[in-house]
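The values are calculated or read from the model by the stated rules, or taken from the named source; none is laboratory data. Everything numeric here is computed off the predicted structure, so don't read it as measured data. When we count neighbours, we look across all protein chains shown, and the Cβ atoms used for this are built from the backbone with ideal geometry, even at glycine. Side chains included, ligands, DNA and RNA excluded: accessible areas come from the protein's heavy atoms. Shrake-Rupley method; radii C 1.70, N 1.55, O 1.52, S 1.80 Å.
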Amino acid sequence: MRYSLLAALTLLSFGLALTTQADDAPVVRVVATHQAFDPFQPWQKRTPGTRRGFGVVIDASHIVTTSSLVQNHTLIAIQLARSGEFIPASLVKTDPQVGLALLHISDTTQLPPPPVFADKVPVKCTVEIAQIDETSSIQRGDGRVLKVLVDALPGSPYSALQGDVLTDLNVDGEGAVVFHDTKLAGLMLSYSRTSRTGKMLSTSIISRFVQDALEGDYKGFASAGFSWKPLVDPTKRAFLGVGPTAGGIQVLNSLPGVAENQKLQPNDVVLTWDGYPIDNLGYYTDPSYGRLLFPQLIKGYRIPGDASQVTIVRDGVRQEIQVQLTHRDENSDLIPENVEGDPVPYLVEGGLVIRELTGRLLKAHGGQWQTRVDPRLAHLYLTSRYAPDEPGDRIVLLSSVLPDPINIGYQHFRDQIIKEVNGQPIRNIGDVFRIVEEDGSIAKLSLRAIDVPIVLDQASLANANERIASQYRLPALRSKAPKPCSVANN
Amino acid sequence: MHEMIVETTAKKCRAQNVQRRHLTWFIATVSFALLALPQCGSSNEAALRHSVVKIYATMQRDNFSLPWQSSRPISGNGSGFIINGKRILTNAHVVSNARFIEVKKNGNPRRFPAHVKFAGHDCDLAVLEVEDPAFFEDTTPVTFATTLPQLSDTVTVIGYPMGGSRISLTEGVVSRIDYSIYTHSGVDQHLVLQVDAAINPGNSGGPVLLNGEVVGLAFQGLSQGDNIGYAIPGPVIRHFLTDIADGSYHGYPELGAAVMDTRNAALRESLNLAGTNTGVVVYYIDPYGSAKGTLQTGDVLLTIDGYDIAEDGTVELDGNTVEFNELLERKQWGESACFRIMRGPEIRSIAVPLTNPKDPYTFRNIYDRRPEYCIVGGLVFSPLSREYLRSVGRNLNGTNQQQLLYVTQYAKIDGLHEDRDAFVVLIRRLPHAVNTYAEPFQDGLLSEINGLRIRNLRDMQRALEKPQDGYHVIRFAGMDECLVLNAEQELAARPQILARYGVPASVYFGEESE
């Protein structure tokens, strides 16, 4: 385990590490105006809004805050304590897998001195939580870290090491800064005024993120690329060749983005990871925090490119293998989540709106989206979203039709999966762009389970496109979207 | 808000209905106004009142969650009328799942036992027989009108709706003649008469009269509408009566070809239809439809039985523009529809013999048929049905449950039917130590047991004969995880589970298995 890394991270105290005295807390207010893309009409944005939260100064020009605070930002500014001035900031890196964002200010304003990073989450200890109140004063409150656990980040499919914090301070936004013995102990991700508890992201994650982001070549956090389940059922344990007391979890499937020869295989039973025994619920005993889910051994202590030593039972035979860790992002998935709400590539040709399916598009239908969207698309997402037949495969949709004389007879089509364009198979939206660039336009489009192609009149297509762009106020008929579904945006 | 169509049988428990999109049922709330008995209409109408009978039915639905059990018997009543041949015509939903039926004439206190002779669940019609010939004394069979009523014609609805015990007459006008869903089957659409006469629970099966002749049979209403009722019109009734004339009911045949209109000029040109305004193109052939083996995808249907099919799929029929499917509606099982088609460069004539092969993937409502099941280790498996999906209710957000929704709509379109005869679902766990860890598999679609593909319930028994190294390995569609049962323990647990939960038998494969 990379204790050396943890030790190194504490050296991220750039400049003079000071105790957090009354007016010198390294806390800033972060104000971000944002405008999300419309999931249904990818060429336009939704109503803009403003989010306010906090961040922590980590050196003379950088601040760390939460990724959700600056998601889809149009403008970011920070405010120092005792100042109403808005200081422009830019986004250096955001990583939704750990819920963090790194900001940079080029202004010459003197930021408060950065804190020393605590080397671990202070479990069952008193902490201090600091934020900036409505008078622009630093406001502090006591809190207590009740427990440390690997849990899902708020509103995210990703998990990370967090602390449950009980505090008497009414935490007024994401990113409130948690100190322990004047050292940075974490950032608040969420807070419930009802239960007076919140989630705090651990410094180990923050310091790893900062170090990686500042180096410039962001590698992200490690993944072993498999899905798993607890293995409690004694019958199944016996069937898989492990005894009732041996511990271990069951590998369900390997995920795309991991080298084939280094994959764990379905029905492998993982007994130890890097020497730590894993119980049948997936927990190990962490030297610092006690029982934690074993993915902490990968995401928390390893980096992409490392190899983990793993004891498994495969086909009833106990064996040691090395599992190469990678950084896995959703671009490998058949249906990316698009957690960050990045702009998605699209084409509008003859009023036919063509785009890729994302989790965000499905979930934009609301809380009962599973029954509101086309059942085939919901089923694909729920059962196969991680599993393209071939790397790079996506679900390309004819998502809707903008009615126009050129598409009379086709206007009822919605959320149909596209098989072919101009007679060529389609694996992702890139294929559609390529074919359109090669052929000049879409002449024929085939849909799954509809054995009659949609045909567009080529003679009138250019005029129709112009008319449709004008009537439906499309800023562009085609957009490749610079970074579709990217984990990071610089 | 969705419009909700309710059957109009008066039931003491509740009236149920389908909200189509989510296949959920709801308790219909209908305001029941007391209906004053109008003054006598024509003398013919007065005579007809003696032909309108009240039907008392005791029904017992099968329990699709505990398939060896039935629900509590409930009593309901509907209406019917006497037709030639000493028979009573009513709605199928009035007498479906009936354990005991009685009929009573207007003004006669005596109830006569009756039984269902024919039931057409696809058109919600049934014919009853009464064994005691005394019932038909002093009765006159109704006369059917030979044509559809006109819009705004004033019609009279006769029956025994809630709000009183005597016969009731209400008047209204025909406000629409259209195709609509028949909620009894939940999937079939046929012609309906929409009338603004009050059609309330209990009216079901009663005649709708115009000038003393029957032009329809009251059958369902719109719960959120104001006096919007529906009647089954003469053509549908005639279709049913003609069908049963040979002593058995075959049902409406299904063409089983989905077509796309050819209004798009570019599409027409690509199909070599430029310069004409006829033809629709087949884009899907139902593997359980009549067209399978005769029509092909890509065929352009130019005419049906000599009628030109316009580019929007309509034909000119009796001076009206109607969907070409209306011609198919008039066909009986075994008849043919003659199409002139264009297939590639060729124009050819094709006769499609019309049938309705047993299709397990249409998911109609099921009546008068016990659900089949097979219990393994306390896990109850049963073929997926509309009834079971309804029992899952609104809880369709889970992966397993959503998958059920998917297969009910896409089973045939996505070819999921090809390696199975039915979708076998784990519908319930009867808790026992042998199945403690089976909870995550609830509502899973069974795909494989012990390496053998499961096409139907009977396959389960065969697969269970070959455990893998002493274990039953059960796999479900769309799940990476498998369920493992110890074969020896499973065998030992069977009698314990059956006894503990009062299950009469571990399997029921339909009537032939009894």
Pick from the stretch A:141-157, criterion surrounded by fewer than 17 Cβ atoms within 10 Å (Cβ to Cβ) and in contact with a strand residue (DSSP E or B) (Cβ under 7 Å, 6 or more places away or on another chain), ranking: modelled with the lowest pLDDT
A:P154
Does A:R46 fit the bill of being more than 14 Å from A:M188 (Cβ to Cβ) and not polar (S, T, N, Q)?
yes
Hey, can you tell me all the residues within the stretch B:228-238 that are in contact with a helix residue (DSSP H, G or I) (Cβ under 9 Å, 6 or more places away or on another chain) and surrounded by fewer than 22 Cβ atoms within 10 Å (Cβ to Cβ)?
B:P235
Filter the stretch B:399-417 down to the residues that are out of contact with any strand residue (DSSP E or B) (no Cβ under 8 Å at 6 or more places or on another chain) and touching a residue at least 12 places away in the same chain (Cβ under 8 Å), then identify the one that is farthest from the other protein chains (Cβ to nearest Cβ).
B:H417
If B:L396 satisfies all but one of (1) outside any loop (DSSP other than H, G, I, E, B); (2) open to solvent by less than 10 Å² (accessible area, probe 1.4 Å); (3) within 30 Å of A:R372 (Cα to Cα); (4) within 14 Å of chain A (Cβ to nearest Cβ), what's the number of the condition it fails?
(1)
Filtered residues of the stretch B:253-296 (kept if within 14 Å of chain A (Cβ to nearest Cβ), among the polar types (S, T, N, Q) and either crowded, with 18+ Cβ neighbours inside 10 Å or under 18 Å from B:S336 (Cα atoms) (or both)):
B:T262, B:N264, B:S270, B:Q296
Within the stretch B:436-453, residues surrounded by 21 or more Cβ atoms within 10 Å (Cβ to Cβ) and touching a Lys or Arg at 6+ places or on another chain (Cβ under 6 Å) come out as B:A438
The correct count of residues that are more than 8 Å from every other protein chain (Cβ to nearest Cβ) and open to solvent by less than 80 Å² (accessible area, probe 1.4 Å) in the stretch B:484-493 is 4
Checking the structure you have, find out if any residue of the stretch B:495-512 is within 14 Å of chain A (Cβ to nearest Cβ) and among the acidic types (D, E).
no
In this structure, does A:A246 turn out to be surrounded by fewer than 21 Cβ atoms within 10 Å (Cβ to Cβ), under 25 Å from B:H432 (Cβ atoms) and not assigned by TED's automatic domain parsing to the domain that holds A:L146?
no
Any chance A:A222 is at pLDDT below 95 and out of contact with any Cys (no Cβ under 6 Å at 6 or more places or on another chain)
yes
Could you pull out the residue among A:V373, A:V353 that is more than 14 Å from chain B (Cβ to nearest Cβ) and modelled with pLDDT of 95 or more?
A:V353
Condition test on A:D431, is it among the charged types (D, E, K, R) and closer than 20 Å to B:G478 by Cβ?
no
Select from the stretch A:449-462 the residues that are under 18 Å from A:D415 (Cα atoms) and more than 8 Å from chain B (Cβ to nearest Cβ) and list them in ascending order.
none
Find the residue count for the stretch A:131-188, including only residues that are within 16 Å of A:G55 (Cα to Cα) and basic (K, R).
2
Which residue is nearest to the other protein chains (Cβ to nearest Cβ), if the candidates are limited to the stretch B:454-481 and must be touching a Lys or Arg at 6+ places or on another chain (Cβ under 8 Å) and surrounded by fewer than 21 Cβ atoms within 10 Å (Cβ to Cβ)?
B:E481
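For (1) in contact (Cβ under 8 Å) with a residue 24 or more places away in the chain; (2) closer than 20 Å to A:F433 by Cα; (3) among the aliphatic types (A, V, I, L, M); (4) open to solvent by less than 10 Å² (accessible area, probe 1.4 Å), each residue gets a yes or a no:
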residue	(1), (2), (3), (4)
A:D315	yes, no, no, no
A:R318	yes, no, no, no
A:H327	yes, no, no, no
A:L334	yes, yes, yes, no
A:G341	yes, no, no, yes
Going residue by residue through the stretch A:432-441, is there one that turns out to be under 21 Å from B:K412 (Cβ atoms), within 14 Å of chain B (Cβ to nearest Cβ) and among the hydroxyl-bearing types (S, T, Y)?
no
Odd one out for B:G205 among (1) surrounded by 16 or more Cβ atoms within 10 Å (Cβ to Cβ); (2) among the small types (G, A, S); (3) farther than 19 Å from B:C123 by Cβ
(3)
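Residues are listed down the side, and each one gets a yes or a no for (1) under 21 Å from B:H239 (Cα atoms); (2) open to solvent by less than 70 Å² (accessible area, probe 1.4 Å):
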| site | (1), (2) |
| --- | --- |
| B:F136 | no, yes |
| B:P141 | yes, yes |
| B:A145 | yes, yes |
| B:L148 | yes, yes |
| B:S152 | no, no |
| B:I158 | no, yes |
| B:P161 | no, yes |
| B:T170 | no, yes |
| B:R176 | yes, no |
Residues being within 21 Å of the chain's Cα centre (by Cα) and in a loop (DSSP other than H, G, I, E, B) - total across the stretch A:67-81:
6
Within the stretch B:1-106, considering only strands (runs of 3 or more DSSP E) that don't extend past its boundaries, which have at least 3 residues that are at pLDDT 50 or above and not β-branched (V, I, T)?
B:52-59, B:74-83, B:98-105
Take the residues in the stretch B:210-227 that are open to solvent by 10 Å² or more (accessible area, probe 1.4 Å) and in contact (Cβ under 8 Å) with a residue 40 or more places away in the chain; name whichever of them is nearest to the chain's Cα centre (by Cα).
B:L222
Tell me, yes or no, whether the stretch A:268-279 has at least one residue that is at pLDDT below 95 and among the polar types (S, T, N, Q).
no
Tell me yes or no: at least one residue of the stretch B:311-322 is open to solvent by 30 Å² or more (accessible area, probe 1.4 Å) and within 14 Å of chain A (Cβ to nearest Cβ).
yes
Subset of the stretch B:420-449 [part of a strand (DSSP E or B) and more than 32 Å from the chain's Cα centre (by Cα)]
B:I449
